[in-house]
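Read-outs: derived from the displayed coordinates by stated rules, not from any lab. All figures in this text were calculated on a predicted structure; none of them were measured in a lab. Glycine gets a Cβ as well: all are built from the backbone with ideal geometry, and neighbour counts include every protein chain shown.
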Amino acid sequence: MVDDLSFALYITAPIFFILGLGILFRRYGLVTEEFSRVGSALVFKVTLPCLLFVKLVDTDFKNVLPVTLVVYAVVATVVVFVLLDRLAAPIISLPRDRGVFVQGAFRGNMGIIGLAYCLSAFGEKVVTVASIYLAVMTTLYNVLAVITLARHQEQISNRKTFQYITLGIIKNPLILAIAAGVAISLSGISFPRILLETGGYFAQMTLPLALLCAGASIRLHEFHSSPPLYWATGGKLFFVPLLITLGGIAIGLRGESLGVLYLMSAAPTAAASYPMAQAMGGNHHLAAAIVASTSLGSIVFSTGGVFLLRVFNLI
């Protein structure tokens, strides 16, 4: 049992030490708000796409397609979304809080925290599976987030909803990088090694810079006590990962596949939920508080989840 706890802490502790350093550096002026903003943009638009592209170009997709994992994750996420949007959201009194609550409860930060979890747990070999999972689920998250935010904002037209969904997908650098990497791999084209090596240098910057900027962007003063904040935080850190993981166990997922499923679903709320809520007229202050609270609380819940999965020999 001690070994299982050590394994769980080995996965989560380094990630949250760097997040903590980001908070500390921001407090003492070593990392500024502008640095955090520019660094996060660099990660999202350049270094993380490079990481995903470089790993996927050399992948043999004929033998590495995690079909069961991805199909189940899509179905489970849609089911959880419907439960949150149709059953839980109407309980919240303010309409502009409802879509923000739903988005905060299901939309995880897979590209940074989730991927970092997976790399810590399984090493470089998991990047291919995690990248395919990330591509599909990022697309789904964008669609579902826009749907729930638009549904609870009556002034948003159906046309504008469709535009948000379409632009969110075709302009997402992660989706574009993954699509390009998969296409080149399947085509058999020999990609210039010098470009892959260059991309590899950018790729190595990704996780340290991303985590440092993520920590620096957490603002403790944005916590505003409210029931929607508590419910969204509880949903993201406990109920959603629990339901999705139990379903994965029930259909027979084990080992690396189950680990990726849990670690991706246990990631804290995506930082992208804040600007999307703001753009679509939702309560962006609540969105910021959900991002901050789940980012800080994730270390406890994700460590506990990994520990239990290891104790029962599931991963």
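Using a 10 Å cut-off around each Cβ, can you sort GLU256, GLU124 from fewest to most neighbouring Cβ atoms? If you can, show how the numbers build up before the last one.
Numbers: GLU256 18, GLU124 8.
Exposure proxy ranking, most exposed first: GLU124, GLU256.
In whole Hz, what ³J(HN,Hα) sequence does the stretch 266-275 give by Karplus (6.51, -1.76, 1.60; θ = phi - 60°), x for Gly and Pro?
Per-residue couplings from phi come out as 8, 4, x, 4, 5, 4, 5, 5, 5, x Hz.
Output needed for the chain: three equivalent-ellipsoid semi-axes, defined as square roots of 5 times the C-alpha gyration tensor eigenvalues, in descending order, whole Å.
Numbers: eigenvalues 153, 103, 96 Å².
Values for the chain, descending: 28, 23, 22 Å.
If you take the beta carbon distance between GLU34 and GLU124 as r and set R0 to 30 Å, what does 1/(1 + (r/R0)^6) give as a FRET efficiency, to the nearest 0.05? Walk me through the intermediate numbers first.
Values: r = 33 Å, r/R0 = 1.08.
Once rounded, the FRET efficiency stands at 0.40.
Highest GNM mean-square fluctuation, the chain, Cα pairs closer than 10 Å: which of SER131, SER298, SER190?
Its mean-square fluctuation being the largest, the pick is SER190.
Which whole-angstrom value gives the distance between the alpha carbon centres of the stretch 239-294 and the stretch 4-82?
For the stretch 239-294 versus the stretch 4-82, the Cα centre distance is 12 Å.
Looking at the chain as a GNM with Cα springs under 10 Å, which of MET205, MET276, MET110 has the largest mean-square fluctuation?
MET205
Any chance you could count the Lys pairs in the chain whose alpha carbons are under 18 Å apart, treating pairs 8 or more apart or on different chains as valid?
Working: LYS45/LYS55; LYS45/LYS171; LYS55/LYS125; LYS62/LYS125; LYS160/LYS171.
Counting lysine pairs in the chain gives 5.
Arrange the following residues from fewest to most other Cβ atoms within 10 Å of their Cβ: ARG26, ARG37, ARG193, ARG98. Each step should come with its number before you reach the end.
On the way: ARG26 21, ARG37 13, ARG193 9, ARG98 25.
Fewest-to-most ranking of ARG26, ARG37, ARG193, ARG98: ARG193, ARG37, ARG26, ARG98.
Hey, what's the per residue convex hull volume over the C-alpha atoms of the stretch 170-242, in cubic angstrom?
Working: hull volume 12.2 nm³, N = 73.
Roughly 167 Å³ of hull volume per residue.
Only Cα pairs within less than 10 Å get springs; with that Gaussian network setup on the chain, which residue of SER257, SER185, SER93 has the largest fluctuation?
SER93
Put +1 on the Cβ of every Lys and Arg and -1 on every Asp and Glu Cβ in the chain; which of ALA89, ALA150, THR303 then has its Cα farthest towards the positive end of the dipole?
ALA150
Calculate the FRET efficiency for ALA279 and TYR10 from the Cβ-Cβ distance with a Förster distance of 35 Å, rounded to the nearest 0.05. Walk me through the intermediate numbers first.
Values: r = 38 Å, r/R0 = 1.10.
Plugging the Cβ-Cβ distance into 1/(1 + (r/R0)^6) gives 0.35.
In the chain, once you exclude exposed chymotrypsin sites (Phe, Trp or Tyr not before Pro) (DSSP loop, at most 11 other Cβ within 10 angstrom), what's the longest stretch remaining?
29-311
Report the percentage of all Cα-Cα pairs in the stretch 1-142 whose separation exceeds 27 Å, rounded to a whole percent.
39
Is it possible to state the helix-based mean residue ellipticity at 222 nm for the chain, with each DSSP H run of 4+ residues giving -39500 (n - 2.57), the sum divided by total residues, to the nearest 500 deg cm²/dmol? What is it? Walk me through the numbers before you get to the answer.
Numbers: 15 runs with 225 residues, N = 315.
So the helix-based figure for the chain works out to -23500 deg cm²/dmol.
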